[in-house]
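One structure is given below, encoded as structure tokens.
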Amino acid sequence: MTAPLPLRPPGPGAEQAGPPPAPRPPSRLLAPLRQTGQLFALALAVARAVFRRPFQVREFIEQFWFVASVTILPAALVSIPFGAVIALQVGSLTEQLGAQSFTGGASVLAVIQQASPLIVALLIAGAAGSAICADLGSRKIREELDAMEVMGVSPVQRLVVPRVLATMLVAVLLNGLVSVVGTLGGYFFNVIMQDGTPGAYLASFSALAQLPDLYVGEIKALIFGFIAGIVAAYRGLNPRGGPKGVGDAVNQSVVITFMLLFLVNMILTAIYLQIVPPKGG
């Protein structure tokens, strides 16, 4: 028998056999960017799913009624003091400047362009958005959404699209109600509390306001309703840690929606003031 050949040590260029190195964990700095990308991806998926059949008419009607029922009365009650505060503050400033005849136009423009869309969006995000997030989050932790995907049913088309469309439609309709109630509240407090003239109030409004001011308020309400619905649906579809994670997702959805609303409102206002010239300018 021949003696076994001695094993030679591996050379410097030889690769060591063994398991592949573990992947490096993602950086925490990239987590907000990843979540932002997922949020935009959900928004695009919802926009595409709107035109797909079958459309969930019954779910849309139920969600529309629910969102409207929880936001109509609070919006009407909040718009009265909001319009009153704006009218009193603007009336005080115009009186100091000697331009009290323009109080009506300035206060009404502030209500229609800024206050009304924000009031509607904040109420929808706080009341309806939190309920939407909790509903989807509870379905997620019970694995109902996973079961829908296994059966070939898209949760986005079946659940998210009707809720987002309901928040958008309610926001547009509710914006008109808040604008009317806020304007009437400002008129009452300016005429009664500050001894204003009804004719001057209405004349200043017709002298300063124009139809695009109403259009931009409705467009803002539509966009704000879309943002509130998308953020609530995104956080509801991605809870963490069981039931406690659902509660955390609800809080996060409200906070994120508020931040996005003020940012988008600033951008839309800047664009509107650059595109649409003031009346008489």
By how many degrees, between 0 and 90 and to the nearest 10, does the Cα long axis of helix 130-141 differ from the longest principal axis of the chain?
-> 20 degrees
Mind checking which of R240, R53, R163 has the largest fluctuation in a GNM of the chain, springs on alpha carbons under 10 Å?
-> R53
When the convex hull of its Cα atoms is projected in every direction, mean area for the chain (nm²) | 26.8 nm²
Evaluated at q = 0.09, 0.12 Å⁻¹: base-10 log I(q)/I(0), Debye formula over Cα of region 126-281 | -0.44, -0.67
Find out how many positive minus negative residues lie around A45, taking Lys and Arg as positive, Asp and Glu as negative, among other residues whose Cβ is under 15 Å from that of A45.
-> +3
For the chain, what relative contact order do you get, as a whole percent, if you take Cα pairs closer than 8 Å and at least 6 residues apart?
-> 28 percent
Does anyone have the angle between helix 31-49 and the longest principal axis of the chain? Alpha-carbon axes, 0 to 90°, nearest 10?
-> 70 degrees
Which parts of region 164-192 would a label at F262 reach, counting a residue when its backbone N lies under 16 Å from a point 7 Å out along Cα-to-Cβ?
-> none
May I ask you to order 71-82, 145-156, 221-232, 104-115 by the average number of other C-beta atoms within 10 Å around their residues, highest value first?
-> 221-232, 104-115, 71-82, 145-156
Length gained if S69 through V85 is fully extended, taking 0.36 nm per residue and subtracting the Cα-Cα distance, is 3.2 nm
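Given the DSSP H assignment, sum -39500 (n - 2.57) over each helix run of at least 4 residues in the chain and divide by its residue total; what's the result at 222 nm in deg cm²/dmol, nearest 500? Could the numbers behind the result be given before it?
Details: 10 runs with 195 residues, N = 281.
Only helices count here, giving -24000 deg cm²/dmol.
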Counting only protein heavy atoms and rolling a 1.4 Å probe, one gets per residue an accessible area for region 161-271 in Å² of 44 Å²
Using a 1.4 Å probe over the heavy atoms of the protein chains, calculate the carbon and sulfur portion of the accessible area of region 190-281 as a whole percent.
-> 74 percent
Enter the angle in degrees (range 0 to 90, nearest 10) between the Cα long axis of helix 57-97 and the first principal axis of the Cα atoms of the chain, meaning the one along which they spread out most.
-> 50 degrees
Label model pair I219, I275: point-to-point distance (7 angstrom along the Cα→beta-carbon line) in nm is 0.3 nm
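The values are calculated or read from the model by the stated rules, or taken from the named source; none is laboratory data. Since the model is a prediction, treat every value here as computed from it, not as a measurement. Cβ sites come from the backbone with ideal geometry, for glycine too, and all protein chains shown count toward neighbours. Note: accessible area is taken over every heavy atom of the protein model, side chains too, but ligands, DNA and RNA are not part of it. Shrake-Rupley method; radii C 1.70, N 1.55, O 1.52, S 1.80 Å.
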